[in-house]
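The block underneath contains the structure these notes are about, expressed in structure tokens.
The values are calculated or read from the model by the stated rules, or taken from the named source; none is laboratory data. This is a predicted model, so every value here is computed, not measured. When we count neighbours, we look across all protein chains shown, and the Cβ atoms used for this are built from the backbone with ideal geometry, even at glycine.
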Amino acid sequence: MQSERKTLDDRGRMTELERLRHSCAHVMAAAIAKLWPDAQFAAGPAVENGFYYDCALEHRISPEDFPAIEAEMKKIIKENLVFEKIVVTRDQAIKDAQSGRLGGLTERPGNPSKFKLGNIEEIPEGEPITYFKSGDFIDLCAGPHVMRTGNIGAYKLTSVASAYYKGDEKNPQLQRIYGTAFKNRTQFDEYFKMVEESKKRDHRKIGQEMGLYVIDTEYVGPGLPMWLPKGAAICEELEKLAKETEFAAGYVRVKTPHVAKEKMYLTSGHLPILYKDSMFPPMELVENRGQEETGAGNSDSSAVRYYLKAMNCPHHHRIFAAEPRSYRDLPLRLAEYGCQYRYEQSGELFGLMRVRSLNMNDAHIYCTREQFAAEFNAVNEMYLKYFKIFGFEKYVMRFSTHDPSRLTGDNAKFVNEPELWKQTEDMVRQTLIASKIPYAEVPNEAAFYGPKIDVQVWSVIGREFTLATNQVDFAVPKRFGLVYRDKDNTDKTPLCIHRAPLGTHERFIGFLIEHYAGNFPLWLAPEQVRVLTIGEDAAVVDYAKAIVSELRANMVRAEGDYGTDKINGKIQDAEKARVHTMLVIGPRDVQAAAVSVRLHGKGSLGAKPKAEVVADILAAIKERRA
Ligand SMILES: [Zn+2]
Ligand SMILES: [Zn+2]
């Protein structure tokens with residue numbers, strides 16, 4: 001069983017909003033204790049978008065109870081009580097828990113604070129034991145909180161679920177009551193507006209309406225989405241964008257298999273332990289020795305383990321190693337839309353956002369130290385170019401660095417290369433400052449092999465999303481023995497930059513669906529143009545078919561609707577399918593060599609010369625207009 005207990009470090013890193021939300025959990029518990037004095041509480045942390053408190057209570061709390069609880073919370077907040085910190089001895093804490101005083105308003109003889117007793121046991125020897133008291137409500141807690149209950153500006157209880165004490169199903173089942181809180185009403189309103197809007201934009205709902213992907217859990221497996229023709233069209237447009245951009249930036253493309261021998265991941269360090277839980281279990285293969293690779297000279301017939309690749313880097317490292325490299329070959333930028341497989345718990349899977357197969361906009365840049373700043377900067381520039389194309393206006397780069405105290409010893413987390421850490425982190429920091437890209441530095445969260453940058457973007461409705469990760473790697477190339485022959489005729493290890501600005505198709509398209517609410521710009525729209533005829537007159541249909549053919553000959557995803565239905569019905573169908581541009585053709589258009597243009601969700605633009613419309617469609621796609 002994994003302890004959910006936060007370390008003092010974790011607590012120190014809690015943001016102001018997390019403190020406020022956790023404080024609100026205390027207020028909610030006090031309100032529940034007022035209404036149901038028998039209630040026993042377990043853990044009440046801040047979580048993404050809010051907080052919860054686990055509670056054991058005879059009465060089954062339902063959303064119908066929320067108004068009464070919120071009314072009690074209102075009183076407590078109005079009283080503007082101080083969160084008073086009290087340090088106690090372990091003996092005192094145990095005594096108070098036994099008397100039922102912790103997580104309650106009074107002592108409760110015969111009803112000890114049993115979960116708090118369990119929590120006391122988890123507090124390491126030497127760590128102070130503290131209470132936080134607001135009014136009569138005393139709770140065992142290490143903090144931190146806001147100063148006073150009055151600091152909680154706006155709050156709401158949102159749902160109730162069940163959960164096992166400490167997440168272990170052998171333990172008693174508790175009621176988990178969720179809520180959220182904000183500094184003020186404005187932020188509260190903005191948040192709930194975003195929640196409403198994101199429900200409408202749910203990528204699973206829109207993905208199904210538009211026929212973009214399917215997850216066939218029965219025959220293919222959970223978390224393994226298949227792209228339907230319309231979704232595949234979006235994937236291909238993204239790949240085209242990446243290929244053009246990378247080609248112009250001097251990348252070369254490679255292709256690698258989806259599996260590799262265990263030796264690969266033992267060398268990279270992902271196995272035996274580090275990444276094992278995120279990989280699919282191995283396949284065992286006994287090779288027919290008669291057909292074994294020549295020169296193996298190995299009479300060992302034991303099975304060889306193969307793994308599905310969980311990342312593309314090791315394959316790319318072996319491509320680097322496949323030929324002798326000189327300083328003249330660097331920087332070498334190997335790119336691939338590589339498919340990788342990661343084992344996620346089935347409970348963690350979520351639409352396209354958490355999946356087990358991922359098509360990644362991957363590339364690895366092998367360079368010298370002197371080349372690093374320019375290469376890293378070029379990657380950042382590529383991000384900015386993409387942000388512009390997709391209309392991401394708000395973004396930040398989270399720069400994660402190492403913790404020098406964790407290079408050696410039992411809790412070592414980072415490769416023991418103190419000089420290299422310092423150098424690469426300085427290089428990254430300097431590049432970020434020089435590029436003027438907004439960034440935030442986060443200590444202790446680097447990858448084990450080097451500093452990393454998580455790129456966070458916000459959708460138009462204000463939802464935050466981790467788009468991709470850039471990593472500097474100064475350790476793994478060495479493990480693979482990668483070298484280049486330098487000017488001075490010595491062998492040196494290159495630095496490697498891992499980068500994937502468009503992330504994976506799965507997550508990125510999931511995000512784009514929400515960002516655009518399924519109304520993709522012309523260049524990305526699965527069905528770009530539909531030509532609709534008014535009536536079935538042969539001349540009209542022929543003219544419409546000729547337009548479709550002309551567009552398709554220019555790689556435009558155009559379809560025709562030449563049926564007998566009324567034009568209004570045809571327009572409705574096309575609007576429903578989110579077709580970007582509709583071209584409506586009647587007998588008069590044939591004579592005038594014109595078309596009537598309609599844009600999805602925007603209505604009619606009137607009749608225009610056909611040649612002009614076709615040229616404009618081709619230009620808009622080529623320029624990837626928003
Ligand atoms: Zn607390
Ligand atoms: Zn990589």
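Criterion first (free of Cβ contacts under 8 Å to residues at least 40 places away in the same chain, of a type in the set (A, V, I, L, M, F, W, C) and within 16 Å of ligand 1 (Cβ to nearest atom)) does Ile120 satisfy it? So Ile120 passes the test. Being surrounded by 13 or more Cβ atoms within 10 Å (Cβ to Cβ) and in contact with a strand residue (DSSP E or B) (Cβ under 6 Å, 6 or more places away or on another chain) is a property that holds for Ala242. Could you tell me whether region 143-155 includes any residue that is assigned by TED's automatic domain parsing to the domain that holds Arg90, more than 16 Å from ligand 1 (Cβ to nearest atom) and assigned to a helix (DSSP H, G or I)? Within region 143-155 (the criterion being assigned by TED's automatic domain parsing to the domain that holds Arg90, more than 16 Å from ligand 1 (Cβ to nearest atom) and assigned to a helix (DSSP H, G or I)), the answer is yes, since at least one residue qualifies. Residues that are closer than 17 Å to Val540 by Cβ, of a type outside the set (Gly, Ala, Ser) and within 42 Å of the chain's Cα centre (by Cα) within region 575-611 comprise Met582, Leu583, Val584, Val597, Arg598, listed in sequence order. Exactly one residue out of Leu599, Leu583, Leu605 is free of Cβ contacts under 8 Å to residues at least 24 places away in the same chain and within 16 Å of Gly560 (Cα to Cα), and it is Leu599.
Among the residues of region 348-368, write down those that are outside any loop (DSSP other than H, G, I, E, B), away from ligand 2 (no atom under 16 Å from the Cβ) and either free of Cβ contacts under 8 Å to residues at least 40 places away in the same chain or in contact with a Pro (Cβ under 9 Å, 6 or more places away or on another chain) (or both). Steps first, answer last, please.
Keep residues of region 348-368 that are outside any loop (DSSP other than H, G, I, E, B), which gives 348, 350, 354, 357-367.
If we keep only those that are away from ligand 2 (no atom under 16 Å from the Cβ) too, we end up with 348, 350, 354, 357.
Within region 348-368, Glu348, Phe350, Ser357 qualify.
Here Pro109 qualifies as away from ligand 1 (no atom under 16 Å from the Cβ) and without any contact (Cβ under 8 Å) to a residue 12 or more places away in the chain. Checked across region 333-343, the condition of being surrounded by fewer than 20 Cβ atoms within 10 Å (Cβ to Cβ) and over 28 Å from Gly481 (Cα atoms) holds for at least one residue. Only residues that are touching a Gly at 6+ places or on another chain (Cβ under 7 Å) and away from ligand 2 (no atom under 11 Å from the Cβ) were counted across region 473-487, and they come to 3. Looking at Glu18, Glu48, which one is within 13 Å of ligand 1 (Cβ to nearest atom), more than 24 Å from Ala68 (Cα to Cα) and acidic (Asp, Glu)? On inspection, the qualifying residue turns out to be Glu18.
With respect to the stated conditions, Leu618 fails to be without any contact (Cβ under 8 Å) to a residue 60 or more places away in the chain, under 30 Å from Glu244 (Cβ atoms) and of a type in the set (A, V, I, L, M). Only residues that are of a type outside the set (Ser, Thr, Tyr) and more than 15 Å from Phe132 (Cβ to Cβ) were counted across region 79-91, and they come to 4.
Candidates Ile433, Ile437, Ile389: the one that is aliphatic (A, V, I, L, M), in contact with a strand residue (DSSP E or B) (Cβ under 6 Å, 6 or more places away or on another chain) and in the same structural domain as Lys452 (by TED's automatic domain parsing) is Ile437.
Could you check region 311-347 and list, in sequence order, the residues that are over 30 Å from Asp491 (Cα atoms) and within 16 Å of ligand 2 (Cβ to nearest atom)? Correct list: Tyr337, Cys339, Gln340, Tyr341, Arg342. Report yes if some residue within region 433-444 is without any contact (Cβ under 8 Å) to a residue 40 or more places away in the chain, under 23 Å from Glu393 (Cβ atoms) and of a type outside the set (S, T, N, Q); otherwise report no. There is at least one residue in region 433-444 that is without any contact (Cβ under 8 Å) to a residue 40 or more places away in the chain, under 23 Å from Glu393 (Cβ atoms) and of a type outside the set (S, T, N, Q). Return yes or no: is Lys240 assigned to a helix (DSSP H, G or I) and over 30 Å from Ile621 (Cβ atoms)? When the stated conditions are applied, Lys240 does not pass them. Quick check: is even one residue across region 301-312 in contact with a helix residue (DSSP H, G or I) (Cβ under 7 Å, 6 or more places away or on another chain) and either more than 24 Å from Gly269 (Cα to Cα) or touching a residue at least 60 places away in the same chain (Cβ under 8 Å) (or both)? Looking for residues that are in contact with a helix residue (DSSP H, G or I) (Cβ under 7 Å, 6 or more places away or on another chain) and either more than 24 Å from Gly269 (Cα to Cα) or touching a residue at least 60 places away in the same chain (Cβ under 8 Å) (or both), one finds at least one in region 301-312, hence yes.
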